[in-house]
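Okay, structure first, notes after.
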Amino acid sequence: MLASNFAIYASTILPTSKNIYRFQENKGQWHPNILYKAELSVGALYLEKNKITYLLLEFPSKCNHPFHSEKDICSQVPSRAHAFRVHYLNANSNLVISPEFASSDYSNYFYSNTTASYVKAYKQIIYHSLYPNIDLVWYTDDKNQLKYDFICRPGSNPQNIELYYEGVSYIQLKENNLILHTSCGQIVESPPLAWQEINGKKIFIPCNYKIQGNIVTLDFPQGYNSKFPLIIDPTLVFSTYTGSYSDNWGFTATYDVDGALYSGGISHSTGYPVSVGALQVNFGGS
């Protein structure tokens, strides 16, 4: 089931380009499980304490909607939705999670029963000591790819990293790509790139995924030098479907005595999926 949000939304400047991923903090405007939310071109990603949740949306080419005519092309109302979670098994329950590289703009949310003001977005989120001597970093790289790294400091054991995938149809390995099958298509996690910097040289370390049921771990068939930090760097690829950001319509605009411009309208955004698997996308009740 999808916990949907329907709210008035205000931003200090025009929204950032849809091609830029950002992690927006939760200051009470969303489900309490959410720490940071990233809007994706195919849905949303929710960063939580010891897990992450993906919400994937599939869109028809045309749709009927009360704010669109029948002839309009509407890529904003999903025909199908799927949620799954990745749990960090046996992770540190007292870890510190910190954001970095704040955006210059902020957002304000106004709901019927709560408000959230000066909500910032960040380019990078760090899970400090997710496992002993291992940090997890979510970020966007220079090519604007959504990525995460495990930073393994000396004395750590990367084999402590255990990822449990809840809500996917099944998982398979193909040429060391981790392929996650869902009712909305596939997500591919590319072969994990691992390296160390030793005496000023970048040394690449062979690294493979290992699957046991729905639990994924990492294997280093040739070992590595445990006296130096080890970086493990997969890349997410949303492969077999297309998506869109939340729909919105503007109805009014005005300015104040200081010259600030305000616009008013409605926006229907992705809500937090309270259950995994295929989701109901139609509104329930009245």
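Lysine pair count for the stretch 105-240 (Cα-Cα distance under 22 Å; residues 8 or more apart in sequence or on different chains): 10.
Loop-located GluC sites (Glu not before Pro) in the stretch 88-190 (DSSP state other than H, G, I, E, B) with a sparse environment of at most 14 neighbouring Cβ atoms within 10 Å: Glu175. Output the direction-averaged projected area (hull surface divided by four) of the convex hull of the alpha-carbon atoms of the stretch 107-184, in nm². Mean projected area of the Cα convex hull: 9.2 nm². The packing ranking, built from the mean of other Cβ atoms within 10 Å per residue, places the peptides 104-114, 197-207, 136-146 in the order 136-146, 104-114, 197-207, highest first.
Working note: Karplus 6.51/-1.76/1.60 with θ = phi - 60° gives the stretch 146-152 the couplings 6, 9, 9, 10, 9, 9, 9 Hz, where Gly and Pro are set to x.
Between Gln159 and Asn33, residue separation times 0.36 nm minus the direct Cα-Cα distance comes to 42.6 nm.
Computed from the coordinates by the stated procedures, all read-outs in this text should not be read as laboratory data. All values derive from a computational prediction rather than experimental measurement. Virtual Cβ from ideal backbone geometry, glycine too; neighbours counted across all protein chains shown.
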